[in-house]
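One structure is given here, and the rest of the page talks about it.
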Amino acid sequence: MSALLQVEGLSVQFPTLRGDVAALEDLSFEMREGETVALVGESGSGKSTAALALSRLIPESTGCIISGRVVFEGRNLLGLPLHELREVRGRRIGMIFQDPMMALNPVFTIGWQLAEPLRKHFGLSNRAARDRAVELLGHVAIAAPEQRIDQYPHNLSGGMRQRVMIAMALACRPSLLIADEPTTALDVTVQAQVLSLIKTLKDELGTAVLLITHDLGVVWEIAQRVIVMYAGRKVEEGTAAHVFDDPQHPYARELLRAAAFASGEGGRLPEIPGSVPSPFEIPSGCCFAPRCTSAREICYAALPPLKSTKHGHEAACVLVGAASP
Amino acid sequence: MPAKLWFVLKRVLQVVPVVLAIAALNFLLLHLAPGDAADIIAAQSGGASPEFVAELRRSFGLDRPLYQQFLVYIARLLTFDLGWSNVQQRPVFDLIADRVPATLLLMMTGITLALIFGTLLGILAAMRHRRWTDSVVSVLALLAYATPQFWLGLMLIVLFSITFGILPSGGMMTIGAVMSAGARALDIARHLLLPTLTLGLFYMAIYARLMRSSMLEVYTHEYITTARAKGLSEARVGLVHAASNALLPVVTLAGVQIGHLLGGSILVETVFGWPGLGRLVFDALLQRDLNLLLGILFVSSVVVVLINLAVDLLYGFLDPRIVHK
Amino acid sequence: MTALTDFWRKYRRNHTAVFGLLMLIVVLIAATIGPIIYPADPFDMVGRPASPPSARFVLGTDVSGRDMLAGLLHGARVSLLIGFLASLGATLVGLIVGAIAGYYGRAVDTILMRCTDFFLTIPSFILAIVIIAIFRPSVATVTIAIAAVSWPQVARLARAEFIAHRDREYVLACRALGMSDFEIITRQILPNALPSLLVVSSLLVATSILTESGLSFLGLSDPNVISWGYMVGVGRTVLRGAWWMPAIPGIAILLTVLCINLVGEGLNEALNPRLQRR
C-alpha cells in the first residue's frame, strides 16, 4: 500500500539580519494510513517548523524558503497552486496547535468557528453546519453541546478549548491530523484526557496522526513510530518499541535516560552537558558531537549519514551497529 | 441579560459628574472674562454711571457670592437656560438648538465615511503589505493627515464648484426653490458632499493607518494560522478573521475623536457656510458674543459625553469580553 | 557619543524620515534666515493688490497688496515658534501630571486621571477658541491655549510609561538603596520614558501648527504678526479670481506639517524598534 505521506528532503530556511538560518534541514520520512508518528525534540529542533511547513502554513512575511517534496495522497503539496492547497487544508489535513486560547478567534463563537470548515468544504448551510457542530462537540465529550455552541473561547476551560480544536480539526474527517504539542499548555490531569480522546478518535476515524512533542511520556502513550530531531535534523527513526528499548543515537539515549529519571528512578538528574547550538553556529559534521560522550574525530569531520540497524530503525551516527556501551 | 443591564446602568450614571464638571468649567471661564454682563450692557448703551452698573449687577444677581451664583447657574442649566445672547437678542439655547441638527448631520456623515473607507483602505493596505498598493495608501494617508482642513475645503471648492461647476460651493440647500421631499434630500446630499469629504479625509487617513497597523499585528496571532489551516481563502482570513479583531482599536479611537471632529467641523462649516454649530462659533467670534460661545462649549461637551457613552455601550456589545470585566 | 551615532544609524535606515528631516531643515532655514535676507515687512502694502507672481513679487501680492513671499517667510517663524513652544508646554505639564499619577498610583492617580479624562472630553478646538477669545489673541495666548488643550494626551502616555516602570526591579533596587521618589522619577524612570515622550512631543508640534493655522484662519491670531492661516483666511475672499492666494500658504502648512510628521515617525522607528523587523 502506497504511503499516505512521503516527505523527501524537506528543508526550511529563514533570512535574518545576520544571514540565512536553516531551521529544518533535509527531513525525510513516510507515513502510512492510520499510522501515528511522533516527531520528538527540544525547542529549536525544527519539529514545529516541519509541522507548519508540510501544508505551507509558515507566513510568507517571514520570507522563508521551503525546499524538498511533500507528497500527500499522491500530490506534492509544495508545488500545488494555492487554491488547490486550500482544498487539502482542513479537508484532508487537520491541524491542532499548542495553545487553544491563542489558536481560537476570540470574537466568534466556538460553534461558528467549528462550522466554518464544514461550510467551506462541504457547502453545508448554516443550519446544517451548526447541527453537525453540535454533534461534533458531543463527540469530543463536551457536556451540554447545545449551550456550549454559542459560547466564546474565553467561556471555556483550557481542556475544553483543546477539545473544540480537535473537533474542528477532525470535522471534515481528514486522513491526516497534525498535532503540534497538543497537551503542552494543559494541566497534567487534563493532558491524559485529551490524549486519550485523540487516541479514541484516531482509531474510530482511521486518521493518521503526526504528533509533535517534546514529552516522551506522550510519545509512549500514543505513537507507533518515533522520529527524533536535533538542531533541525533527523537523528533517529524507528518504531516506538525499538527506539525506547535500544536507542542508537547518543542524543536519543540521553533523552531517554532523562525521561526514565522523570518516571521516578531517583538519583541525580542526568544532564546533557553543553547546550543546543545556536542556529547561526551549526557545527560542521555531526551537530551533536560537541556534547557527545562517544564522539570521535570523524564525527567532527563530516555529517554522519543515516544508517539502519533492524528493519526500519535508523540513526545518524557512526556508531550505529557497534555494541552499545 | 443582567450583566449587560448592569453594565449599561453603570456607564450611564458615570455621565452625571462629568456634566457637572463641564458646567463648573464653563462657569469659571465666564467669570475669568474681563467684565461681566452688566459691563457689556453698559457699554452697549454707550456708557453708564457706576451706580447704574451696580444696579444692573444686583438685578442680574452678579453681586452675590460666587458659590451662590454657581448654584443658580446649575439650576438654570437643568431647565436648559443657557443665558441670553445680547448680540442676537435671543436665548442662547434657541440659537444652538437651531444649528445642532445640521452639525450632527455633517459630523455623522463625516465620521461614517471616514470609518468605512478608512478601515477598508487599511485592510487593503495590510493584505497587500509590501506591495505597491500598500505604499500608495500609506503615502496618501500621510498627505491627508498633514492637510489643513480649511485649506482642503477651499481647494475643493476651487476645483469642483468654480472650475467644474458640478457641486455647490456653500450652504446646506438651494434656497428659494420649492422641492418635493425626495428632491430636497438629494439637494442636501449634493451640498453635503464637499463638506463631508473635507471633514472626513483627515480622519480617513488616521483610521486607514491605524487599521493597517492593527491588521498587521493581528496577522501574527495564532488563530490566523488556524484559519488558514482550515483551508479558508486568504480573502476570508483577512476580511473576516483578521479584520474583526483589528477593528476594535479603530472603533475606540473613533469614539474618542468625536470632540476633535467637532473642532474640525467649525472650520469646515465656516468655509462652506454650512448652517451648523461651527458656523455659529465663527459668528459668535466675529460679534464677540461670549455667552453664545460658552453655551456652545457646554452643549458640544455634553454631546461628546453622550456620544462617548453610546460608543462605550457599542464597544461592550462588539467585544464579548468587555461586559464581563 | 556612541548612543547618538547608534541612533543616527537607525534613523538613517528610514528614507522617508531622512527626507522629512531635510525638508524640515529647509523650512527652519527659511524661517530663521529668510526674513533677514528678504527683509520686506509683510504688512507693508507695496504692490497692486492681487497681482499674480511676477519678477518683482515672486509669489505675487495679496488682497491688500502685501508681499506674499514676505508673509510666507514671516509666517514660517510664527507657525514654527508657536508650534514648538506649545508642544514644549504641553509636554512639560503632561509629563509632570502623568509621572505623578503613574508613579504614585491609587488616589493621586484616580484624581489626576479624572481631571485628564475630563479635559479630553471637552472639544479641544472650541476650548482653545474660548480661551483666546476671553484673553484676547496674541502669540502668548495662542501658545498657552494650544498647550492647555494638548497636555492631556501627553499625560496619558507619561502615566502609562511610569506605570510600566514603577514596579520594575531596578526601581525597587533604587528604593532599597534609599533613593528619594523625586530622584527615582527624574533620574531613573524618566530617561526610559523619554523616547516615547520625544515622539509624541514631535508629533504634537505638527498638530499644534495645524491648530494654530486653523485658529488664525478664524481670525484668532496675534494682530501684530502675519501667520499662514491668516493669509489663507484673507485669501478666501478672492477665491474665484486668485485661487493661488489662499493656496500657497496652505501648501506651506501642508509641507511643514508633513515633514514634521515624517521626522516624528522616523524618531519612533529609531527609538522604539519593534520586534518584528526584516
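As for segment C:261-272, it holds no residue that is closer than 27 Å to B:Pro168 by Cα and either at pLDDT 85 or above or in a loop (DSSP other than H, G, I, E, B) (or both). For B:Ser233, the stated conditions hold: it is in contact with a His (Cβ under 9 Å, 6 or more places away or on another chain) and surrounded by fewer than 17 Cβ atoms within 10 Å (Cβ to Cβ). Return the total of residues in segment B:131-179 being under 19 Å from B:Leu201 (Cβ atoms), part of a loop (DSSP other than H, G, I, E, B) and either hydrophobic (A, V, I, L, M, F, W, C) or more than 25 Å from the chain's Cα centre (by Cα) (or both). Selection size over segment B:131-179: 3.
Comparison of A:Ile110, A:Ile96 shows that the only residue that is touching a residue at least 24 places away in the same chain (Cβ under 8 Å), buried (at least 17 other Cβ atoms within 10 Å of the Cβ) and more than 9 Å from every other protein chain (Cβ to nearest Cβ) is A:Ile110.
None of A:Glu60, A:Glu35 is within 22 Å of B:Arg130 (Cβ to Cβ), out of contact with any helix residue (DSSP H, G or I) (no Cβ under 6 Å at 6 or more places or on another chain) and charged (D, E, K, R) except A:Glu60. Applying the condition of being assigned to a helix (DSSP H, G or I) and more than 20 Å from B:Val251 (Cα to Cα) to segment B:201-225 and asking which residue is farthest from the chain's Cα centre (by Cα) yields B:Thr225. Among residues of segment C:109-130 that are touching a residue at least 40 places away in the same chain (Cβ under 8 Å), those with a beta-carbon under 8 Å from a residue that is crowded, with 19+ Cβ neighbours inside 10 Å and not in a helix (DSSP H, G or I) at least six positions away or on a different chain give the pairs C:Ile129/C:Leu218; C:Ile129/C:Leu220.
If you go through segment A:96-121 and keep only what is polar (S, T, N, Q), in a loop (DSSP other than H, G, I, E, B) and closer than 23 Å to B:Leu248 by Cβ, you end up with A:Asn105, A:Thr109. Across segment A:69-104, the number of residues qualifying as under 18 Å from the mean Cα position of the chain (by Cα) and on the phi > 0 side of the Ramachandran plot comes to 1. Restricting attention to segment B:286-310, the residues that are crowded, with 17+ Cβ neighbours inside 10 Å and over 15 Å from B:Asn86 (Cβ atoms) add up to 13.
Applying the set (1) more than 18 Å from the chain's Cα centre (by Cα); (2) modelled with pLDDT under 90 to A:Ala231 leaves exactly one unmet item: (1).
Does A:Leu177 satisfy the criteria of being under 21 Å from A:Gln113 (Cβ atoms), assigned to a strand (DSSP E or B) and touching a Ser or Thr at 6+ places or on another chain (Cβ under 8 Å)? Spelling it out, A:Leu177 is indeed under 21 Å from A:Gln113 (Cβ atoms), assigned to a strand (DSSP E or B) and touching a Ser or Thr at 6+ places or on another chain (Cβ under 8 Å).
Every listed requirement among (1) assigned to a helix (DSSP H, G or I); (2) within 14 Å of chain A (Cβ to nearest Cβ); (3) surrounded by fewer than 21 Cβ atoms within 10 Å (Cβ to Cβ); (4) free of Cβ contacts under 8 Å to residues at least 60 places away in the same chain is met by B:Arg184 save one, (2). In summary, A:Thr36 fulfils each of the numbered conditions (1) within 29 Å of A:Gly217 (Cα to Cα); (2) within 14 Å of chain B (Cβ to nearest Cβ) with the single exception of condition (2).
In segment B:226-259, the residue that is farthest from the other protein chains (Cβ to nearest Cβ) out of those that are hydroxyl-bearing (Ser, Thr, Tyr) and part of a helix (DSSP H, G or I) is B:Thr252. Evaluation of A:His154 against the conditions (1) within 14 Å of chain B (Cβ to nearest Cβ); (2) crowded, with 21+ Cβ neighbours inside 10 Å; (3) closer than 24 Å to A:Asp131 by Cα shows that the sole unmet condition is (2). Restricted to segment C:213-245, and to residues there that are within 10 Å of chain B (Cβ to nearest Cβ) and of a type in the set (D, E, K, R), the residue that is surrounded by the most Cβ atoms within 10 Å (Cβ to Cβ) is C:Arg236.
When residues in segment A:178-204 are screened for being buried (at least 18 other Cβ atoms within 10 Å of the Cβ) and under 12 Å from A:Gln162 (Cα atoms), 12 of them pass. Kindly establish whether B:Ser233 is modelled with pLDDT of 85 or more, within 16 Å of the chain's Cα centre (by Cα) and within 30 Å of B:Leu124 (Cβ to Cβ). It is false that B:Ser233 is modelled with pLDDT of 85 or more, within 16 Å of the chain's Cα centre (by Cα) and within 30 Å of B:Leu124 (Cβ to Cβ). If you go through segment C:256-270 and keep only what is in contact (Cβ under 8 Å) with a residue 60 or more places away in the chain and facing chain B (nearest Cβ under 8 Å), you end up with C:Leu258, C:Asn261, C:Leu262. Inside segment A:1-13, residues that are modelled with pLDDT under 90 and of a type outside the set (A, V, I, L, M) make up a count of 1.
One residue alone among B:Ile162, B:Ile206, B:Ile157 is surrounded by fewer than 20 Cβ atoms within 10 Å (Cβ to Cβ), β-branched (Val, Ile, Thr) and more than 14 Å from chain A (Cβ to nearest Cβ), and that residue is B:Ile162. Go over the candidates C:Arg159, C:Arg175 one by one and state the one that is surrounded by fewer than 20 Cβ atoms within 10 Å (Cβ to Cβ) and either free of Cβ contacts under 8 Å to residues at least 40 places away in the same chain or out of contact with any strand residue (DSSP E or B) (no Cβ under 6 Å at 6 or more places or on another chain) (or both). Exactly one of C:Arg159, C:Arg175 is surrounded by fewer than 20 Cβ atoms within 10 Å (Cβ to Cβ) and either free of Cβ contacts under 8 Å to residues at least 40 places away in the same chain or out of contact with any strand residue (DSSP E or B) (no Cβ under 6 Å at 6 or more places or on another chain) (or both), namely C:Arg175.
Is at least one residue of segment B:288-301 without any contact (Cβ under 8 Å) to a residue 60 or more places away in the chain and out of contact with any Leu (no Cβ under 9 Å at 6 or more places or on another chain)? The answer is no; no qualifying residue exists.
Taking the listed residues C:Leu197, C:Leu204, the one that is over 24 Å from B:Val304 (Cβ atoms) and of a type outside the set (Phe, Trp, Tyr) is C:Leu197, with no other qualifying. Looking only at segment B:260-304, residues that are in a helix (DSSP H, G or I), over 15 Å from C:Ile129 (Cβ atoms) and more than 10 Å from chain C (Cβ to nearest Cβ) come to 1 in all.
When you scan segment A:63-74, do you find a residue that is more than 10 Å from every other protein chain (Cβ to nearest Cβ) and assigned to a helix (DSSP H, G or I), even just one? There is no residue in segment A:63-74 that is more than 10 Å from every other protein chain (Cβ to nearest Cβ) and assigned to a helix (DSSP H, G or I).
The values are calculated or read from the model by the stated rules, or taken from the named source; none is laboratory data. Note that the coordinates shown come from a computational prediction; the quantities given were computed from them, not determined experimentally. Cβ coordinates were reconstructed from backbone atoms using ideal geometry, including for glycine residues, and neighbour counts include every protein chain displayed.
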